[in-house]
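Asker: Following this message is one structure expressed as structure tokens.
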């Protein structure tokens, strides 16, 4: 069990910050977790102004510390904002530059990458942001190497995530990095959230394997998720990641707490569930599109993973028939 952490995580809350991502940061980094020995981090909020209107003016955030607390952070987080054409607060940009200079780990959620880029700390670095704003980001910050085909990018001391819900994916990745897979899996179970979700809306862009393979599994996961209807093997995954099967196995165990084959099966079942939820009634089609092969294999694995047969799952979670209008 971890001891109470002295690693300080600070979130800068600006006008029009997204409350969902603030909640994600608080849930992952800020809560007391008695099941794993207490707080994982010393968590603080700060703002450049004493009264901060949140996104669309839904509510006002008050009672948090001033921006000076950002200077005490070991990890500094920037949530997203919707007003991308509004210049960022110069005091916030200065705080980010100071943090970067002293070696603080910087994290952005969604369009928070725009704030990091405006501060100049992303020049020459890898980053991602919400797929909807990828073209805008590239046009505005051509010196940043934008990757829009992944949920998040871990570039060492700077980490960026894609759309809002990917804040949870990146947050759990940070916990894995800091505390190991067992603790991260405990947090994900408390969240009732998978260690890696199946993606959602993203721009899928092919890109070559880098000469120095990324230690993060995110690029490989994004690549494999596009090919679940094929007969992927662990050897093929290892070849894509430019590592040996044994090395890939170690990375999956370290970062996800599972094996490559178990992860691949779970992803196929997740896709099968989505297809059934969207109304696909032909089990042979579901089996083929998920790479599970046969309806018998689909039935067996769905029962094992969900406790329900495909038919029972469809009755519970599939589209409900529209009632006939009363005459």
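The values are calculated or read from the model by the stated rules, or taken from the named source; none is laboratory data. Predicted model, so just to flag it, every value in this text is computed and none were measured. Don't worry about glycine lacking a Cβ; one is built from the backbone with ideal geometry, like all the others, and counts go over all protein chains shown.
Asker: Which number in (1) over 21 Å from the mean Cα position of the chain (by Cα); (2) part of a helix (DSSP H, G or I); (3) more than 30 Å from residue 179 (Cβ to Cβ) marks the one condition that residue 247 misses?
Answerer: Exception for residue 247: condition (3).
Asker: If you go through the range 117-131, how many residues are surrounded by fewer than 22 Cβ atoms within 10 Å (Cβ to Cβ) and in a helix (DSSP H, G or I)?
Answerer: Total satisfying the criteria: 2.
Asker: Kindly provide the set of residues from the range 272-286 that are out of contact with any helix residue (DSSP H, G or I) (no Cβ under 6 Å at 6 or more places or on another chain), assigned to a helix (DSSP H, G or I) and modelled with pLDDT of 90 or more, ordered by number.
Answerer: 285
Asker: Test residue 134 against the stated conditions and say whether it is within 21 Å of residue 216 (Cβ to Cβ) and either at pLDDT 95 or above or buried (at least 23 other Cβ atoms within 10 Å of the Cβ) (or both).
Answerer: No; evaluated as a whole, the condition is false for this residue.
Asker: Out of all the residues in the range 80-97, is one or more over 21 Å from residue 176 (Cβ atoms), within 19 Å of the chain's Cα centre (by Cα) and modelled with pLDDT of 90 or more?
Answerer: No; the residues of the range 80-97 include none that is over 21 Å from residue 176 (Cβ atoms), within 19 Å of the chain's Cα centre (by Cα) and modelled with pLDDT of 90 or more.
Asker: Now, a different point. Is one or more of the residues making up the range 300-312 under 29 Å from residue 175 (Cβ atoms), in a helix (DSSP H, G or I), at pLDDT 90 or above and over 24 Å from the mean Cα position of the chain (by Cα)?
Answerer: There is at least one residue in the range 300-312 that is under 29 Å from residue 175 (Cβ atoms), in a helix (DSSP H, G or I), at pLDDT 90 or above and over 24 Å from the mean Cα position of the chain (by Cα).
Asker: Quickly run through the range 97-116 and pick out the residues that are part of a loop (DSSP other than H, G, I, E, B) and within 20 Å of residue 164 (Cβ to Cβ).
Answerer: 109, 110, 111
Asker: If you check 135, 94, 85, which single one turns out to be over 15 Å from residue 71 (Cβ atoms), assigned to a helix (DSSP H, G or I) and out of contact with any helix residue (DSSP H, G or I) (no Cβ under 8 Å at 6 or more places or on another chain)?
Answerer: Criteria check complete, one pass: 135.
Asker: Now for a separate question. Among (1) within 30 Å of residue 258 (Cα to Cα); (2) touching a helix residue (DSSP H, G or I) at 6+ places or on another chain (Cβ under 6 Å); (3) part of a helix (DSSP H, G or I), there is one condition residue 150 misses while meeting the rest; what is its number?
Answerer: (3)
Asker: Please work out which residue is surrounded by the most Cβ atoms within 10 Å (Cβ to Cβ), limiting yourself to the range 137-164 and to residues that are closer than 18 Å to residue 222 by Cβ and without any contact (Cβ under 8 Å) to a residue 24 or more places away in the chain.
Answerer: This residue is 146.
Asker: In this structure, is residue 14 surrounded by 14 or more Cβ atoms within 10 Å (Cβ to Cβ), assigned to a loop (DSSP other than H, G, I, E, B) and touching a residue at least 60 places away in the same chain (Cβ under 8 Å)?
Answerer: Yes.
Asker: Name the residues in the range 23-55 that are touching a residue at least 12 places away in the same chain (Cβ under 8 Å), closer than 23 Å to residue 84 by Cβ and outside any loop (DSSP other than H, G, I, E, B), would you?
Answerer: Matches in the range 23-55: 24, 25, 45, 46, 47, 52, 53, 55.
Asker: Against the condition surrounded by fewer than 22 Cβ atoms within 10 Å (Cβ to Cβ), closer than 23 Å to residue 125 by Cβ and touching a strand residue (DSSP E or B) at 6+ places or on another chain (Cβ under 8 Å), how does residue 92 come out, does it pass?
Answerer: yes
Asker: Which one of these does residue 44 not meet: (1) out of contact with any strand residue (DSSP E or B) (no Cβ under 7 Å at 6 or more places or on another chain); (2) farther than 17 Å from residue 173 by Cα?
Answerer: Status for residue 44: all satisfied but (1).
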